[in-house]
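The structure appears below as structure tokens.
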Amino acid sequence: MTVRTHPWRFVAIVMMAGAMITPAQAATHRRHKKPPACPPARYVVRGAPLIPAAPSALYAVVVQDQEVGIDSDCPLSKGRVTPTTQGTQVFGKWASCGPLEGVRLHALTGSVCNTLVGVLRARRYPARQFVATRSRCGDGIVDVGAGEQCDVLQGCAPPAPCIRCRCKAPPPSTSTTSTSTTTTTTFAVP
């Protein structure tokens with residue numbers, strides 16, 4: 001006896017078999033899935049400044065969505081921010097930054113987006129490798145570009161305390177002063 005299968009049933013069976021994923025295929029798919037890109041952040045560069053003869057003592061690489069900048073010397077401009085399995089790749093280029101021309105920055109964040117390791121290249125300037133850490137309140141660095149006025153125990157004039165990286169006015173004095181009044185009465189004798 002021959003079992004007859006309608007053509008549409010055969011197609012459905014083949015499609016269902018192709019849609020099934022084995023556990024090994026699922027594990028491979030998870031390993032190759034790219035993580036999301038790091039959120040917008042400022043990465044403070046440690047050591048020598050990235051741009052020579054610059055007045056700023058603190059430099060930060062700024063990454064915002066698909067824009068990259070280096071504080072005021074290299075303004076935010078369209079770059080390339082690409083998530084990978086090793087971290088987020090950051091690429092930026094500018095016609096000029098301060099005294100440098102033909103500037104290119106290529107860097108990679110750590111897997112948890114707290115560090116940025118990279119190199120800055122420019123025409124007639126030796127390549128400058130750098131390591132930067134994500135700027136955040138409480139890291140011990142006053143990052144004015146991030147809106148910080150102080151950090152930990154530095155940056156505020158005494159007696160103003162540093163609270164959440166902002167200098168707060170000292171609380172008003174609660175001491176009270178009392179005044180006394182003395183009344184003198186004189187009597188006239190007739």
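The values are calculated or read from the model by the stated rules, or taken from the named source; none is laboratory data. Model, not experiment: these values are computed from the prediction. FYI the Cβ positions are ideal-geometry reconstructions off the backbone, even for glycines, and counts take in every protein chain you see.
Per-structure values
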quantity	calculated
Answer from 56, 96 - the residue that is modelled with pLDDT under 90 and among the polar types (S, T, N, Q)	56
Boolean, residue 81 is aliphatic (A, V, I, L, M), over 16 Å from residue 45 (Cβ atoms), in contact with a strand residue (DSSP E or B) (Cβ under 8 Å, 6 or more places away or on another chain) and surrounded by 14 or more Cβ atoms within 10 Å (Cβ to Cβ)	yes
Unmet requirement for residue 101, which otherwise passes all of (1) under 30 Å from residue 83 (Cβ atoms); (2) at pLDDT 90 or above	(1)
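Listed here are the residues, each with its yes/no results for (1) in the same structural domain as residue 143 (by TED's automatic domain parsing); (2) part of a strand (DSSP E or B); (3) of a type in the set (A, V, I, L, M).
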position: 63; (1), (2), (3): no, yes, yes
position: 68; (1), (2), (3): no, yes, yes
position: 72; (1), (2), (3): no, no, no
position: 75; (1), (2), (3): no, yes, no
position: 82; (1), (2), (3): no, yes, no
position: 86; (1), (2), (3): no, no, no
position: 91; (1), (2), (3): no, yes, no
position: 95; (1), (2), (3): no, yes, yes
position: 102; (1), (2), (3): no, yes, no
